[in-house]
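Structure first, commentary second.
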Amino acid sequence: MVEPEVVMIVWADAQEMEPGWTSIDDIVLELPTMRTVGWLIGQTDNVYAIAQDVDLAESNVHTYSLIPKGWVVSIHRLAII
């Protein structure tokens, strides 16, 4: 297994901003910006797979997220020093 890169992905999260009933006039039409830092363990044409914990010796991950590429604002490759 090739060691994956450590990245920070900045992306727009499609989430409901308020629970319960909301007046239509009070709806804010901006998506919150999220930042996810982790190991870039894979990607397809549609998504990036980011893992929080990686065991490179066993090629295992513990927790991972899929982020749709259409929601990504930017990707920053991070250096391990």
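The values are calculated or read from the model by the stated rules, or taken from the named source; none is laboratory data. On a predicted model such as this, the values are computed, not experimentally measured, just so you know. Using ideal geometry, Cβ is built from the backbone for each residue, glycine included, and neighbour counts are taken over all protein chains shown.
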Consider region 44-54. How many of its residues are under 14 Å from residue 6 (Cα atoms) and either out of contact with any strand residue (DSSP E or B) (no Cβ under 9 Å at 6 or more places or on another chain) or not in a loop (DSSP other than H, G, I, E, B) (or both)?
5
Selected residue (criterion: farthest from residue 35 (Cα to Cα)) from residues of region 48-78 that are of a type in the set (A, V, I, L, M, F, W, C) and free of Cβ contacts under 8 Å to residues at least 40 places away in the same chain
57
Taking the options 52, 43, 15, name whichever one is surrounded by 10 or more Cβ atoms within 10 Å (Cβ to Cβ), among the polar types (S, T, N, Q) and modelled with pLDDT under 95.
52
Every residue from region 18-40 that is loosely packed, with under 14 Cβ neighbours inside 10 Å, part of a loop (DSSP other than H, G, I, E, B) and not aromatic (Phe, Trp, Tyr):
18, 19, 20, 22, 23, 27, 28, 29, 30, 32
If a residue has to be in a strand (DSSP E or B) and basic (Lys, Arg) to count, how many in region 55-81 make the cut?
1
Checked pairs for region 17-42, first within 21 Å of residue 71 (Cα to Cα), second charged (D, E, K, R), C-beta under 7 Å and 6 or more apart or across chains, list as 31/13; 32/13; 34/13; 40/5
